[in-house]
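The values are calculated or read from the model by the stated rules, or taken from the named source; none is laboratory data. Since this is a predicted model, take the numbers as computed values, not measurements. Using ideal geometry, Cβ is built from the backbone for each residue, glycine included, and neighbour counts are taken over all protein chains shown.
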Amino acid sequence: MRLPLLLFCLFALAFRPDKPAYRLYTPRLKSTTYDKLLRQAADADVVLFGELHNDPICHWLEFQLTKDLQAIKKGNLVLGAEMFEADNQPALTDYVQGRTTSKELAAQARLWPNFDTDYKPVTDFAREQHIPFIATNIPRRYARLVSRQGLAALDTLPADAKKQMAPLPINVDLTLPGYKGMMDMMGGNAGQPAANPHGTQTDMTANFARAQAIKDATMAYFILKNWKPGQTFLHFNGDYHSKNFDGIVGYLRQQPAGTARPLKILTISSVELSDINKPGTGNRNLADFVLAIPADMTKTY
């Protein structure tokens, strides 16, 4: 009896399933491959990689996709990121073009605390490969202004400040899933009243969603401003900015892109799951590609 039991145990160990670090799914949650993602990304005008900011798999896959797209596009790749604010563009450009050091970049730009571990590899690759890298986000002080006082507060800014954001006024539909979801998470209509651009009364919860919207609109604006036909613009942003084909996507659709055809936009949404082999129906139609990551994956911060 001992020999058959030993053989069974050896057989079971030999054929244990692998433990993949991630899985990719279609919008309908059918399993798909990185090769399909890469082919579709190379054919897209804009790729919005919705990341989880502290997840190493997201950052590793962003780096792999950057390298592989550069090999395919051969000079027609442009990078952009939420993590760089528009007024830091000169500092980012100087670094990517090799005019300054990493220490100077850190001194001149407001880098995220996890820059060295999570964003420096792709930034350094852009520097090595001479890939344009665009700071797409609105300066955070202006987003905070909206969260406190509403969009009307931006009208009081000087002209130079307004160049660092999407042209005003912007339209915000608070009934869209992304913005409504934010408001619901913050308690719906609870909060202190503040005047909106139309003079009616709303609350701090709605202004928080409007601050998200000015970020989305600004990222879309700088993506379009720096994209040309034939290029692929690979953009890194928090998942909430592009999931459900919303946020940045909606503003990209609103703004003219200087082309006769609609933009080809590809989205990636990152989700953490206890079992990445069981994506669950709640994750349907989040994006063109759903990136499933183990919930117990180690974090970068």
Modelled with pLDDT of 95 or more, within 26 Å of Arg284 (Cβ to Cβ) and either surrounded by fewer than 15 Cβ atoms within 10 Å (Cβ to Cβ) or of a type in the set (Gly, Ala, Ser) (or both): is that true of Ala91 in this structure? no
Segment 46-63 - residue that is of a type in the set (Phe, Trp, Tyr) and assigned to a helix (DSSP H, G or I) and, of those, surrounded by the fewest Cβ atoms within 10 Å (Cβ to Cβ): Trp60
Taking the condition of being within 15 Å of Ala41 (Cβ to Cβ), buried (at least 21 other Cβ atoms within 10 Å of the Cβ) and among the small types (Gly, Ala, Ser), how many residues in segment 66-83 meet it? 1
Between a first residue in segment 102-118 that is in a helix (DSSP H, G or I) and a second residue that is surrounded by 13 or more Cβ atoms within 10 Å (Cβ to Cβ), which pairs have beta carbons less than 7 Å apart while being 6 or more apart in sequence or on different chains? Leu105/Ala91; Leu105/Tyr95; Gln108/Ala91; Thr117/Thr300; Asp118/His59; Asp118/Thr300
Among Thr66, Thr136, which is the only one that is in a strand (DSSP E or B), within 17 Å of the chain's Cα centre (by Cα), modelled with pLDDT of 95 or more and of a type outside the set (D, E, K, R)? Thr136
Which one is nearest to Leu286 (Cα to Cα) among residues in segment 5-27 that are exposed (fewer than 10 other Cβ atoms within 10 Å of the Cβ) and either modelled with pLDDT of 60 or more or under 22 Å from the mean Cα position of the chain (by Cα) (or both)? Lys19
Residue list for segment 33-43, restricted to those being touching a strand residue (DSSP E or B) at 6+ places or on another chain (Cβ under 6 Å) and surrounded by 17 or more Cβ atoms within 10 Å (Cβ to Cβ): Leu37, Ala41
Across segment 26-45, the tally of residues that are of a type outside the set (Phe, Trp, Tyr) and part of a helix (DSSP H, G or I) stands at 9
When you go through Asp94, Asp124 one by one, which is the residue that is free of Cβ contacts under 8 Å to residues at least 40 places away in the same chain, farther than 28 Å from Leu37 by Cα and in a helix (DSSP H, G or I)? Asp94
Among all residue pairs at least 6 apart or on different chains, which show Cβ distances below 8 Å where the first residue, located in segment 285-301, is touching a residue at least 12 places away in the same chain (Cβ under 8 Å) and the second is assigned to a loop (DSSP other than H, G, I, E, B) and of a type in the set (Lys, Arg)? Asn285/Arg28
Any residue in segment 75-85 that is assigned to a helix (DSSP H, G or I) and either modelled with pLDDT of 95 or more or within 24 Å of Asp216 (Cβ to Cβ) (or both)? no
Those residues of segment 147-167 which are among the hydrophobic types (A, V, I, L, M, F, W, C) and over 21 Å from the mean Cα position of the chain (by Cα) amount to Leu151, Ala152, Ala153, Leu154, Leu157, Ala159, Ala161
Please go through segment 170-194 and pick out each residue that is over 30 Å from Asn285 (Cβ atoms) and either at pLDDT 95 or above or surrounded by 17 or more Cβ atoms within 10 Å (Cβ to Cβ) (or both). Ala194
Given (1) within 21 Å of Asp246 (Cβ to Cβ); (2) crowded, with 16+ Cβ neighbours inside 10 Å; (3) modelled with pLDDT of 95 or more, number of the condition Asn114 does not satisfy: (1)
Across segment 223-244, the tally of residues that are assigned to a helix (DSSP H, G or I) and under 14 Å from the mean Cα position of the chain (by Cα) stands at 6
Looking at segment 80-95, which of its residues are closer than 17 Å to Gly238 by Cα, in contact with a Ser or Thr (Cβ under 8 Å, 6 or more places away or on another chain) and of a type outside the set (A, V, I, L, M, F, W, C)? Gly80, Glu82
Go through segment 252-301 and count every residue that is at pLDDT below 95 and not in a loop (DSSP other than H, G, I, E, B). 4
